[in-house]
Amino acid sequence: GACGNAVNKGELDLKEIMGNEFRSEMDKQRQAFLEETGLTSEQHDIAAMAMFRFASWCAKRARAAPVEVAWEKVKESGIVLPSDTMSTLLYVVSTGGSSLSSFVRPKRRRQPLSSIDSLFSGRRTRDLVDERAEEEESAGARGKDGDKTVNVAEEVAICHDLLYEPTENSTSLRVKNMIAKGDARGAEKLLQKFASDGGTMRLRQHLPILSLYCEQGDVSSALNLFKRMRNTPTVHLEPEHYVLLISALAEFGCFRDTAEPIEGAVELGYSSPYGLALFDELVTEMAEDVLEISSASARKLYN
């Protein structure tokens, strides 16, 4: 309705405002860099073009580590990379594995040109791209002597989504980072927003969230997410995913006759919010969706 359209328009306006602010801050960084180094605008543009070739080189050779150094230089010099270069960098950091999860930036004797890092950690930026409203200054975010730990993959994804439309890849990277911080609910909200904006849902985006809900014992959220996954045509469930949910519900005693009802289970269409009746319904759903179950999954389900 009209109210829904107004909300969507407000979200679009906020994203546009934040994107413009980000570009403005990067331009200030660029000017400060040119003044400090004495480089010309033409030389700066050449450096920006070189980044595309550099990103392509890293992608073709599966080299993620050099991106750590290059990304720091991109921020320091205020380079706004074009969409195709950002997409290539996203590919590199998403396939970089543990070698690109994070690194500790040592203290510098001289202050950097400006603190462009604040653009990636500020509250308003996270409100827009990560759906989080609280500051996250955990002890794990800093190394020894106050050195700052930089998550390159997260920063590239945030930068991409401030400048351009979120993609399946950038969203998956942000979800992965939020799951690493234990924020399953925030990651799910992020996926919901991506879907409402027309994004395609995939199993690989949902599975880490479901796993964390199960690990945390948030059975209501796990069951709700699982039902939505099952009803999403582009999310294809396997037997082990049913086993993941069922074993978690069993671990937390949800199939006992004396169990507490799972909040929202009846609203999801289950006749009983606890006990063997719920177990039977879940197993029936699994039988409808899968042809066979592996011996490993069968043993886990039996135990």
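At what distance in angstrom do the alpha carbon centres of segment 18-82 and segment 232-282 lie from each other?
49 Å
Points 7 angstrom from Cα along the Cβ direction at Glu240 and Lys193: gap in nanometres?
If labels sit at Glu240 and Lys193, their model points lie 3.1 nm apart.
In what sequence, largest accessible area first, do Phe226, Phe33 appear using a 1.4 Å probe?
On the way: Phe226 0, Phe33 35 Å².
Largest accessible area first, the list is Phe33, Phe226.
Report Rg(Cα)/(2.2 N^0.38 Å) for segment 153-303, keeping two decimals.
Compactness ratio reported: 1.11.
Obtain the nm distance between the two label points defined at Leu268 and Ile17 by a simple spin-label model: each point lies 7 Å from its Cα along the Cα-to-C-beta direction.
Once both label points are built, they end up 3.7 nm from each other.
Can you list residues from other chains, or at least 5 along the same chain, whose modelled amide H is less than 5 Å from the amide H of Phe255?
Gly275
Just to confirm a number: summing +1 for Lys and Arg and -1 for Asp and Glu over residues other than Tyr274 whose beta-carbon lies under 11 angstrom from that of Tyr274, what do you get?
Here the charged neighbours net out to -2.
Where does each of Arg230, Arg204, Arg174 land when they are ordered by accessible area, with a 1.4 Å probe and the largest first?
The ordering from most to least exposed comes out as Arg204, Arg230, Arg174.
Could you tell me the accessible area of Val283 in Å² (1.4 Å probe, neighbours in place), rounded to the nearest ten?
Only protein atoms counted, so the area is about 50 Å².
Could you go through segment 211-225 in sequence order and give the Karplus-derived ³J(HN,Hα) for each residue, using 6.51 cos²θ - 1.76 cosθ + 1.60 with θ = phi - 60°, rounded to whole Hz, and x for Gly and Pro?
Coupling constants for segment 211-225: 4, 5, 4, 5, 5, 7, x, 8, 5, 5, 5, 5, 5, 5, 5 Hz.
Let me cross-check Leu276: its accessible surface, 1.4 Å probe, with only protein heavy atoms counted, in Å² to the nearest 10?
Estimated to the nearest 10 Å², Leu276 gives 110 Å².
7 Å from Cα along Cα→Cβ at both Arg256 and Leu276: what's the point-to-point distance in nm?
In this crude spin-label approximation the distance works out to 1.6 nm.
Please list Thr232, Thr258 from largest to smallest accessible area, probe radius 1.4 Å, with all protein chains kept in place. It would help to have the intermediate numbers written out before the result.
Numbers: Thr232 30, Thr258 125 Å².
Ranking Thr232, Thr258 by accessible area, largest first, yields Thr258, Thr232.
The values are calculated or read from the model by the stated rules, or taken from the named source; none is laboratory data. All values reported here derive from a predicted model rather than from experimental measurement. All Cβ positions, glycine included, derive from the backbone under ideal geometry; neighbour counts span all protein chains shown. Protein only, heavy atoms only, side chains kept; ligands, DNA and RNA dropped before computing areas. Shrake-Rupley method; radii C 1.70, N 1.55, O 1.52, S 1.80 Å.
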